[in-house]
Structure formats: structure tokens, C-alpha cells
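Visitor: Right, I'll just put the structure down here and ask away after.
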Amino acid sequence: MKSAVETLNPTRVRLTVEVPFEELKPSLDAAYKKINQQVTVPGFRKGKIPARVIDQRFGRGAVLEEAINDALPKFYTDAVNEGELNVLGQPDVDITEFNDGDELKFTAEVDIRPAIEIPDYSGIEVVVDAVEVSEEDIDASLEQLRDRFASTTPVERAAADGDVVVVDLEASVDGEVLEDGVATGVSYTIGSGQLLEGIDEAVIGLEKGGTATFTSELKGGIGAGSTASVKVDVTDVQERELPSLDDDFAQLASEFDTLEDLRADSRKRLEQMKSYDQATQAQEKVLDALIELIEVPVPEKLLKDEIGTRTHNLEHHQFPQMGLTWESYLEAEGKTREEYDAELEEQAVKGIKTQFILDELVNKEKLSVNQEELTEHLMRRAATSGMTPDQFAQAVVEGGQVPILVGEVARGKALAVVVEAAKVTDTNGETVDLEDEEEAAGPETVEAQSAEEPEAAAPAEDAPEADEKA
């Protein structure tokens, strides 16, 4: 086999491969064997049909086509390895010349990781928010805690803002009650915004036994996106009462005996949260500064595929779960579709550049991942996925995704190296020491897989269709 590499642009190459016919013999033998197991010819036992009979009955062309489909992935992979290419995704294969008994010639165009030069990044300087917790912050935190321990008492008066009402709902569209449009005994805090738009205005002023009708756009269910007429019956009105903010409340809501101790603990927790946010902000700003330093060409096909994947997930997974349509989603976001698409492309480009740069840093700094680091990362990912660590680990192994997790940890370590070298100060001009902070969320990247990573080289049955021109 002979192969040559032609660079089409910084992120795409064309491989030209020539394979002598004799090198196709193993694939031809495999093709005859496969066809032997699939067909039946009178007078011959299954699996024992001579090659000449298969050629006569089914045509030599069918055998050659099967052999080429079997051989192409191997010869393509050999050419990739010979050219020492770091390829991305699947190639576009085109058979340019082939006749029975003659050599096979084909081309394969494929995206590759661009060559990246990592410059000196020690001069990066960023400014992050200072870790400051005010008395107002603590007060707000305690108010949220009080709200969780609020009690309710039935009252014989009209419902007012902040009250809890128990309601029965009936939604109809064009005069027809929706199959899923009836709900009874629903508790709702007026003003919370956690139910249908328009319900606050409808129930305020109603007493127990009162009825009202209002219109509202349905966000989920059968009538999602439709404007419904909603009948609401108030079956109870309850007044919410917040507990007094004193030592008794501290003992009720926490492990502390005094309100002073509870306030001190709230301050500590808020400082920890803001320190974590500060570390995350530092990572993001340092990463943005690093990306600005480096010219990174982005493969067009990889970008297109990533945008398509994100859009598909939104339309077919997130929208159905949230009861949204493009119209309601864009309205909630306050964006046009054009603005959304532009932002999505920007995010995808950043994700791809981030991975390329950090992967190059992993190689440059000779960073590795040990089992303890991988396990810690797996535990964090499991926590955010809603699965137990064992379930998540099993899913990762069965899906062949271990190399992806290793890559995530390695890129996190690479970014940490850059952050450590950068000068990070807060808005008060103080130098920020991030060494003792917990690991912040790593940067979002796109898994641009190389030929050595899972799912990159397709097996014969998954090989891309070749356009035969010979």
C-alpha cells in the first residue's frame, strides 16, 4: 500500500491511497465466506459453496463490493498512521479507480487537529470579584431560611399577595377541556410565579369558595403553546406566618443555639460560595485570555456537527421535558432565532478552541491523570447526573467513555497550570491565592476525537459509503 497526504487547509487533508490487488485477498476471502453463510445454492451445503459458483450465481461485483467495504477502514487507518495524522471524525471516502485484478485507488478527505503553538502565558493578568459578604447578604440568607420554616393558618378573608391558596384548575382551549387540563387541591403562594401566568390577578380578592376565569399561555402538556381559558376555584385561603428571627428560630432551623452563631455560620457559608465563584470566574477569565493569545483554526465540519448536536438535544430532549417550543423558549430568553444561533455558534467555537488548546498544553506540560484524580472527577460527574457513582461508572465503562473522562481531568489540570502562572487580583486590588480553593467547574469543551480515541475509526459495517467513480 502507498499513501500520500495533501493539506487542503490547516484543519483538513486529503489522503490518496493505492492498494495492490493482492493485498485485498484477505478481504476477498472474508467476502466469499460471509456470502457463503448468507445464501443457499441447491446441490451445495451451506458454507461450502465454491467461489466460482458464487461468482456465477450472484456476480463477482457483489463479492468485490463486500471486499472493498471490508478493506477500506483498515487501509484508511494504515494511511492515517503512516501520515502521523491526528484526525477528527469520519472521512469522506471516494474510490477513484478499481477494476477486478487491478490495484484499488481511493481518496479520503478528513478533518485534523490543527497545529497549535502555545506562547508564553505567564503574563496573563485578570481581575475577579472580591469575596465580600455584607450584612444585607446574611439577612437575605436568613430570610430564605425563615421562608422555608413558614407556617400557614386558614383565614376567613379575601386572598392577598403572599397568601397560600388551595385551588382547583380547569383549562380549556376553544371551549374543549384539555385531557390533562384538570388539577385539584393545588397549593399556590400568591406572587411566587410558580404556576400559570395570570393566576395572581385572578385569585387576589377572592375568598374561600370564590371562582374566577383568566387566560394564560400553556407552557407544557397537550396544549403547550396554546392560549387557554382557565377556571380557578379557591377552596381555601391560608395566611403565611414567618417565625421570629431569634434564638428559638436558630435552634429550630439549625444546629446552633443562638442567632448570633447562626449568623456567623451563614457568613462562613456565603464566603465559601463566593470563594468558589471567584475561583470559577478566575478560570473563565484566564481561559478567555489564553484563547485570545492563540490562533486556532476551527474545522468547519466539526463545528457544523457540534451545532447540530446541541440544537437536536434542545429540540428533542430539553424542549419536550420543559414543555417548550422554539417560540416560547426564545420569548423567555428575549432573543430572536438569529441571535440564538449566533450565540450557539460562538459557544461551540469557544468549546472547540478550548479543547484544542488545553490538549496541546497537556502534551507540552506532560500532564497525566492518576486513578485517584479520575475517581474524584467521576464522583463529581455522577453527582450532577443524578446517578449513583456506581451507576455512572458502569455507564461510562459500557459506553467506552473512560478516555473522555480522562481527557476532561487532564484539561482541567492544564488550565490549572495556566491559572497558577497568571496574575489574579480582585476588584480591591488584592492578589488572589487560588491554591486552597476547591476545584471549580472545568471549562466546557467539545469532544473532538482523534483516530486513537473511541468511536473514531468505524468498523467495517459502519464505514462511510464510498462514491465509486471507476
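Values in this text are rule-based calculations from the coordinates and carry no lab data. Just so it is clear, the structure is predicted and the values come from calculations on it, not from any experiment. Quick reminder, even Gly has a Cβ in these numbers, built from the backbone with ideal geometry, and neighbours come from all protein chains shown.
Visitor: Rounded to the nearest 10 degrees, what's the angle between the helix 300-313 long axis and the longest principal axis of the chain, both from Cα atoms, 0 to 90?
Guide: Result, in degrees: 40.
Visitor: Classify segment 258-449: rounded, prolate or oblate, from the alpha-carbon gyration tensor (a ≥ b ≥ c, eigenvalue square roots; a/c under 1.5 rounded; otherwise prolate if a/b is larger than b/c)?
Guide: Details: a/c = 1.34, a/b = 1.19, b/c = 1.12.
Rounded, since a/c falls under 1.5.
Visitor: If I stretch the segment between E271 and K335 completely, what's the gain in nm (0.36 nm per residue apart, minus their alpha carbon distance), one decimal?
Guide: Numbers: separation 64, 0.36 × 64 = 23.04 nm, distance 3.43 nm.
Length difference between fully extended and current span is 19.6 nm.
Visitor: Right, something else. Tell me what the chain gives for mean residue ellipticity at 222 nm when only DSSP H runs of n ≥ 4 count, each as -39,500 (n - 2.57), the sum divided by the residue total, rounded to 500 deg cm²/dmol. Kindly include the intermediate steps, with their values, before the conclusion.
Guide: Numbers: 14 runs with 205 residues, N = 470.
Taken over the chain, the calculation gives -14000 deg cm²/dmol.
Visitor: Kindly provide the pair-distance distribution of segment 151-241 built from C-alpha pairs, with 10 Å bins from 0 and whole-percent values in order of increasing distance.
Guide: In order of increasing distance, the bins hold 18, 51, 25, 6, 0 percent.
Visitor: Nearest 0.05, what FRET efficiency do T40 and N99 give at R0 = 25 Å with Cβ-Cβ as r? Don't jump to the answer; show the numbers that get you there.
Guide: Details: r = 30 Å, r/R0 = 1.20.
Efficiency computed from Cβ-Cβ geometry: 0.25.
Visitor: So what's the angle, to the nearest 10 degrees on a 0 to 90 scale, between helix 389-398 and the longest Cα principal axis of the chain?
Guide: 20
Visitor: Going through the cross-link list K285/K350; K2/K74; K25/K46; K274/K335; K25/K74, which pairs have a Cα-Cα distance over 18 Å in this structure?
Guide: K25/K46; K274/K335
Visitor: Could you give the Stokes-Einstein D for segment 2-112 in µm² per second, using the C-alpha Kirkwood radius, 10 °C, 1.306 mPa s? Walk me through the numbers on the way to the answer.
Guide: On the way: Rh = 15.4 Å.
Taking Rh from Cα pairs, D becomes 103 µm²/s.
Visitor: Additional query: Between R240 and D29, what is the spin-label point distance in nm, taking each point 7 Å from the Cα along the Cα→C-beta axis?
Guide: Distance between label points: 7.8 nm.
Visitor: Calculate the spin-label point distance for E300 paired with E376, positioning each point 7 Å from the Cα along the beta-carbon direction, and give it in nanometres.
Guide: Modelled inter-label distance: 4.3 nm.
Visitor: For the pair V417 and E217, how long in nm is the line joining their label points, each one 7 Å along Cα→Cβ?
Guide: Placing both labels 7 Å along Cα→Cβ, they lie 4.9 nm apart.
Visitor: Just the number, please: Stokes-Einstein D of the chain in µm²/s, Kirkwood Rh from C-alpha pairs, 37 °C, 0.692 mPa s.
Guide: Numbers: Rh = 28.8 Å.
The Stokes-Einstein estimate is 114 µm²/s.
Visitor: For N428, project a label point 7 Å along Cα to C-beta. Then give me every residue of segment 123-165 with its amide nitrogen under 18 Å of that point.
Guide: Only 127-138 fall inside the zone, counting backbone N under 18 Å.
Visitor: So if R0 is 22 Å, what FRET efficiency would T325 and A383 give, r being the distance between their Cβ atoms, rounded to the nearest 0.05? Spell out each step's value before the answer.
Guide: Values: r = 31 Å, r/R0 = 1.42.
The calculated FRET efficiency here is 0.10.
Visitor: Let me ask you something else. Output the 0 to 90 degree angle, nearest 10, between the alpha-carbon long axis of helix 402-421 and the longest principal axis computed from the alpha carbons of the chain.
Guide: It is inclined by approximately 60 degrees.
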